[in-house]
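Asker: Before anything else, here's the structure in question.
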Amino acid sequence: MGSFMDLDQGGKVQAYYIWIDGSGQNLRGKTKTMDGPIKSVDQLPVWNFDGSSCEQSEGVNSDVYLKPVSIFRDPFRRGDNILVMCECYTFDDKPHPSNKRSECLSVMEKVSAEHPWFGIEQEYTLYETDAVTPLGWPKNGFPGPQGPYYCAVGAQNVYGRKVVEAHYRACMYAGVKIAGSNAEVMPSQWEYQVGPCEGIDMGDHLWVSRWILCRVAEEFGVVVSFDPKPKSGEWNGAGCHTNISTLKMRQDGGMAHMVTAIEKMSHKQREHIEEYDPKKGEDNSRRLTGRHETASIDKFSYGVAHRGASIRIPRQCDKDGKGYFEDRRPASNCDPYSVTSRIMRTICDLD
Amino acid sequence: MDGLDGLSNPFLDLPQGDNIMAMYIWIDGTGQGMRCKTRTLPNKKYEPDQLPIWNFDGSSTGQADGNNSDVYLKPVAVFRDPFRRGDNILVLCETYSYEMVPNSTNKRAVCVKNMERCADQHPWFGIEQEYTMFDYTGKHPYGWPKNGYPGPQGPYYCGAGSDKVKGRKIVEGHYRACMYAGVKIAGSNAEVMPSQWEYQVGPCEGISMGDHLWVSRWILCRLAEEFNVVISFDPKPIPGDWNGAGCHTNISTEAMRQDGGYDKIIEAIKLMEKKPLEHIMEYDPTGGADNRRRLTGQHETASIDEFSYGVAHRGASIRIPRQVDNDKKGYFEDRRPSSNADPYSVTNRIVMTICLGE
């Protein structure tokens with residue numbers, strides 16, 4: 001990044017404000033100089049931006065407000081520089097329609113006694129700079145069929161590990177709770193896991209991890225896609241499998257609570273699917289076909305160690321009689337605030 | 001090939017706080033491929049049994065069906081990570097079913113048991129791992145001319161010069177990475193076929209031979225990614241007048257290493273002479289089919305169908321080094337295992353024959 005990056009900042013820091021734009025899946029950001037160091041989010045001012053350039057307002061009344069909600073260390077600028085996750089508010093101080101966090105936070109506050117923990121498995125696909133060719137794929141052709149790429153090692157089976165290694169370290173440094181990573185079934189497809197995070201933290205950590213990923217990939221001329229079915233045909237899609245538990249599920253005898261929760265979810269298939277991608281299920285319908293380790297979008301099912309079901313109970317949890325379960329339906333471009341909020345509303349009977 | 005080879009990665013020195021990255025490594029359903037994935041753990045010194053048991057989707061690696069796909073990973077050996085450095089680790093694992101029964105592709109479980117049974121004989125092994133470098137397509141040997149062949153074998157073995165050796169950067173990197181990781185790499189040399197190399201791991205006692213060899217293979221394939229080179233462990237990568245690749249396995253017990261041990265060496269070879277088929281079955285991942293392409297009786301191999309042994313004889317199944325013949329003690333070399341053999345299967349079969357009489 002050049003020798004300018006170690007220039008002294010004279011006691012000031014750069015605060016990079018991050019927000020989700022009107023698409024519900026893309027991130028935006030801009031920098032503000034502050035007196036440093038910043039120890040708490042309360043020290044950060046409300047800011048604003050031109051919403052008409054982000055599909056979030058009309059030109060004639062374009063200011064959208066940015067309210068800081070959590071801070072992370074900046075792995076690109078290092079030092080005392082920070083990343084600031086924000087919520088968007090309208091000019092009359094209401095959560096912007098694209099702001100799914102505000103409602104998620106109030107749900108999480110209502111259910112805080114349940115101590116809900118989440119872990120999300122974020123899948124994504126790397127592309128060449130042209131954003132059309134998956135990274136390393138031959139032009140006008142395809143790599144060999146799926147089989148050798150999952151968790152692979154070796155130049156013939158692994159595309160883009162440099163980006164993955166950089167992202168993992170950047171997340172660790174930033175304070176994002178990255179828990180693991182692996183190469184996925186489709187070549188150039190990867191996954192990392194964030195969690196366990198309680199309540200609202202899940203959404204914050206996942207969104208910041210996505211921003212860090214896209215930003216890291218810039219350094220290598222690589223494009224990140226969160227599309228849930230980037231290649232049609234015999235190629236896996238990409239999901240955001242969401243692992244869930246409440247305190248009662250984690251304790252002895254928790255399996256009964258897990259099954260009760262899953263039964264409740266089984267009655268709200270349509271309501272959940274609507275929250276599991278930014279297009280009310282339209283994106284996911286390309287992915288949840290019943291093949292390639294997915295369940296069909298129309299049918300709810302669950303099973304132990306069953307990767308073709310909507311919800312999978314890990315074998316270990318079945319053995320232990322407690323633990324957590326995995327909702328395999330959310331798409332890779334879902335909003336984790338929407339997903340976690342919907343899950344808690346269902347299993348705690350809030351609607 | 002992702003076009004990122006040769007680029008530096010400025011993020012790798014970012015502090016990790018109180019956590020480390022553990023790369024769990026296992027052998028997949030082919031019996032010769034390796035898989036790996038990472039998890040974050042609190043930073044401390046870990047013995048294998050202090051590391052968490054993990055699991056993975058066995059239906060994606062030929063190790064389970066989709067409707068019952070969780071396969072468990074049990075850590076068995078820990079090494080330092082030469083790519084991530086710091087306190088980060090590599091964790092070699094055995095695969096188990098949900099009932100904690102060894103997965104059918106897990107050859108280490110039975111090897112450990114048998115090594116424990118003959119531990120008092122202190123079996124030592126040294127394996128000479130040969131391999132071939134290919135370009136990123138995996139189909140054309142690295143550095144070979146397009147649409148053609150290099151000059152015939154002769155000048156390449158232990159050679160020097162850009163026309164004689166290809167890929168030395170990878171070899172140098174691999175050696176240092178193994179030393180750093182704690183793998184007991186003992187030596188290395190360029191081999192007879194161009195773009196073919198060998199390194200030796202050992203002496204390792206008992207189960208550690210398999211552990212060290214598998215991790216050395218993972219490090220090699222991982223390192224070659226950085227150079228867009230594919231490593232092949234195929235035992236006969238190029239048909240015709242080109243050498244194959246083996247995993248010559250050197251063996252000794254404590255009795256063989258002591259004065260007068262030569263008699264014990266001959267005894268052991270005689271026991272192996274009685275079980276040629278049983279050994280060949282374990283000396284590649286396909287019950288001998290791979291080795292059949294390599295063990296032809298030519299190119300410094302013995303024919304797969306005939307057992308033979310001799311002092312300093314590279315055309316025999318088993319070779320007794322000249323030095324051992326002089327000292328009347330030492331070790332012997334089984335030249336039959338193929339380069340893609342599972343060292344657990346090989347060492348297990350050997351101790352069954354010569355230590356346990358089975």
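Asker: Could you bin all the Cα-Cα distances of the range B:67-132 into 10 Å bins starting at 0 and give me the percent of pairs in each, rounded to whole numbers?
Answerer: Calculated over all Cα pairs of the range B:67-132, the distribution is 17, 30, 38, 15, 1 percent.
Asker: Dividing the convex hull volume of the alpha carbon atoms of the range A:103-261 by its residue count, what do you get in Å³ per residue?
Answerer: 145
Asker: Cα-based Rg of the range B:283-358 per 2.2 N^0.38 Å, rounded to two decimals?
Answerer: On the way: Rg = 13.1 Å, N = 76, 2.2 N^0.38 = 11.4 Å.
That works out to 1.15 for the range B:283-358.
Asker: Whole angstrom only: what separates the Cα centroid of the range B:56-98 from the Cα centroid of the range B:168-196?
Answerer: 25
Asker: Would you please calculate the Kirkwood hydrodynamic radius of the range A:195-351 over all C-alpha pairs and express it in Å, rounded to one decimal?
Answerer: Numbers: mean 1/r = 0.0617 Å⁻¹.
That comes to 16.2 Å for the range A:195-351.
Asker: Pairwise over distinct Cα atoms, reciprocal of the mean inverse distance: report the Kirkwood radius of the range B:149-247 in Å, one decimal place. The partial results should precede the final answer.
Answerer: Working: mean 1/r = 0.0700 Å⁻¹.
Evaluated on the range B:149-247, it is 14.3 Å.
Asker: Here is a further query. Looking only at Cα atoms, what is the convex hull volume of the range B:205-358 per residue, in Å³? All intermediate terms of the calculation are to be shown ahead of the outcome.
Answerer: Numbers: hull volume 17.7 nm³, N = 154.
Per-residue hull volume (Cα only) is 115 Å³.
Asker: Once all Cα-Cα distances of the range A:62-141 are split into 5 Å bins that start at 0, what whole-number percent is in each one?
Answerer: With a bin width of 5 Å, the distribution comes to 3, 11, 11, 11, 14, 17, 15, 8, 6, 3, 1.
Asker: Please give the charge dipole size of the range A:1-138, origin at the Cα centre, charges +1 on K and R Cβ atoms and -1 on D and E Cβ atoms. Round to the nearest 20 debye. Provide the component values of the computation, followed by the final result.
Answerer: Details: 13 positive and 21 negative charges, 72 e Å.
Taking the Cα centre of the range A:1-138 as origin, the dipole is about 340 debye.
Asker: Quick one: give the max-minus-min coordinate of the C-alpha atoms of the range B:145-193 along each principal axis, largest first, in Å.
Answerer: For the range B:145-193, the Cα spread along each principal axis is 40, 20, 15 Å.
Asker: With the dipole of chain A worked out from charges on the C-beta (+1 for Lys and Arg, -1 for Asp and Glu) around the Cα centre, which of A:Tyr17, A:Ile178, A:Gln43 lies farthest toward the positive end?
Answerer: Towards the positive end, the residue furthest out is A:Ile178.
Asker: Please report Rg over Rh for the range B:1-121, where both radii come from the alpha carbon positions and Rh follows the Kirkwood definition.
Answerer: Values: Rg = 16.6 Å, Rh = 16.2 Å.
Answer for the range B:1-121: 1.03.
Asker: Another question about this same structure. What Kirkwood radius, in Å to one decimal, follows from the Cα pairs of the protein assembly as shown? Present the calculation step by step, with values, prior to reporting the outcome.
Answerer: Working: mean 1/r = 0.0362 Å⁻¹.
Every distinct Cα pair counted, the radius reaches 27.7 Å.
Asker: Sticking with this structure for a sec: Determine the shape class of the range A:82-129: with a ≥ b ≥ c the square roots of the Cα gyration tensor eigenvalues, call it rounded for a/c under 1.5, and otherwise prolate if a/b is greater than b/c, oblate otherwise. Display every interim value, and only then the final one.
Answerer: Values: a/c = 2.57, a/b = 1.20, b/c = 2.15.
Here the range A:82-129 falls in the oblate category.
Asker: How many angstrom lie between the C-alpha centres of the range A:215-245 and the range A:107-167?
Answerer: Each part reduced to its Cα centre gives a spacing of 5 Å.
Asker: Can you compute the charge dipole magnitude of the range A:61-195 about its Cα centre, using +1 on each Lys and Arg Cβ and -1 on each Asp and Glu Cβ, nothing else charged? Give it in debye, rounded to the nearest 20.
Answerer: Here the size comes out at about 380 debye.
Asker: Put +1 on the Cβ of every Lys and Arg and -1 on every Asp and Glu Cβ in the range B:224-288; which of B:Gly260, B:Thr249, B:Gly288 then has its Cα farthest towards the positive end of the dipole?
Answerer: B:Gly260
Asker: Kindly provide log₁₀ I(q)/I(0) values, in the same order as q = 0.12 Å⁻¹, from the Debye equation applied to equal alpha-carbon scatterers of the range A:20-178.
Answerer: The Debye formula, applied to the Cα set alone, gives -0.78.
Asker: Same structure, new question: What does the C-alpha gyration tensor say about the overall shape of the range A:94-190? Classify as rounded when a/c is under 1.5, otherwise prolate if a/b is larger than b/c, or oblate. Show your work: numbers first, answer last.
Answerer: Values: a/c = 2.63, a/b = 2.04, b/c = 1.29.
Prolate shape, in that a/c is at least 1.5 and a/b is the bigger ratio.
Asker: Now for a separate question. On each of the three principal axes of the Cα atoms of the range A:4-77, give max minus min coordinate, whole Å, ordered largest first.
Answerer: 40, 25, 20
Asker: While we're here: In whole Hz, what ³J(HN,Hα) sequence does the range A:174-180 give by Karplus (6.51, -1.76, 1.60; θ = phi - 60°), x for Gly and Pro?
Answerer: 5, x, 6, 7, 6, 9, x
Asker: When a/c is below 1.5 the answer is rounded, else prolate if a/b is larger than b/c, else oblate, so apply that to the range A:169-270 with a ≥ b ≥ c taken from the square roots of the Cα gyration tensor eigenvalues. Before the final figure, lay out each step's value.
Answerer: Working: a/c = 2.60, a/b = 1.48, b/c = 1.75.
The shape class here is oblate.
Asker: Comparing B:Ala224, B:Ala255, B:Ala22, which has the greatest mean-square fluctuation in the GNM of chain B with Cα pairs linked when under 10 Å apart?
Answerer: The residue that fluctuates most here is B:Ala255.
Asker: With each run of n ≥ 4 DSSP H residues scored as -39500 (n - 2.57), what mean residue ellipticity at 222 nm is computed for the protein assembly as shown after dividing by its residue count and rounding to the nearest 500 deg cm²/dmol? Kindly include the intermediate steps, with their values, before the conclusion.
Answerer: Numbers: 17 runs with 173 residues, N = 709.
Calculated at 222 nm, the ellipticity per residue is -7000 deg cm²/dmol.
Asker: Below 28 Å, Cα to Cα, which lysines can B:Lys139 reach? Residues fewer than 8 away in the same chain don't count.
Answerer: Those lysines meeting the cut-off are A:Lys139, A:Lys162, A:Lys231, B:Lys37, B:Lys164, B:Lys166, B:Lys169, B:Lys236.
Asker: Which whole number gives the average, over all residues in B:32-39, of C-beta atoms from other chains lying within 10 Å of the residue C-beta? List each step's numbers first, then the result.
Answerer: Working: counts 0, 7, 4, 9, 6, 8, 11, 6.
Going residue by residue through B:32-39 and averaging, the value is 6.
Asker: In vacuo Debye scattering of chain B, one point per C-alpha: log10 I(q)/I(0) at q = 0.06, 0.14 Å⁻¹?
Answerer: Cα-only, vacuum Debye calculation for chain B: -0.22, -1.25.
Asker: To the nearest 20 debye, what is the magnitude of the charge dipole of chain A about its Cα centre, counting +1 on the Cβ of each Lys and Arg and -1 on the Cβ of each Asp and Glu?
Answerer: Dipole magnitude for chain A comes out near 800 debye.
Asker: If you don't mind, there's one more thing I want to ask. Of the listed peptides A:175-182, B:155-162, what is their order by residue-averaged count of other C-beta atoms within 10 Å, with the highest listed first? Can you show the working numbers first?
Answerer: Details: A:175-182: 22.2, B:155-162: 13.6.
In descending order of packing, they fall as A:175-182, B:155-162.
Asker: For chain A, restrict the atom set to alpha-carbon positions and state the Rg and Dmax in Å.
Answerer: According to the Cα coordinates of chain A, Rg and Dmax are 20.4, 60 Å.
Asker: Need the list of lysines near B:Lys274 for cross-linking: C-alpha distance under 25 angstrom, and skip anything on the same chain fewer than eight residues off.
Answerer: Partners found: B:Lys107, B:Lys113, B:Lys264, B:Lys328, B:Lys329.
Asker: Mind jotting down the distance between the C-alpha centroids of the range A:26-40 and the range A:249-323, whole Å?
Answerer: 38
Throughout, read-outs are computed from the coordinates displayed, never taken from laboratory work. These figures come from a predicted structure and were not determined experimentally. Every residue, glycine as well, gets a Cβ built from its backbone with ideal geometry; the counts of neighbours run over all protein chains shown.
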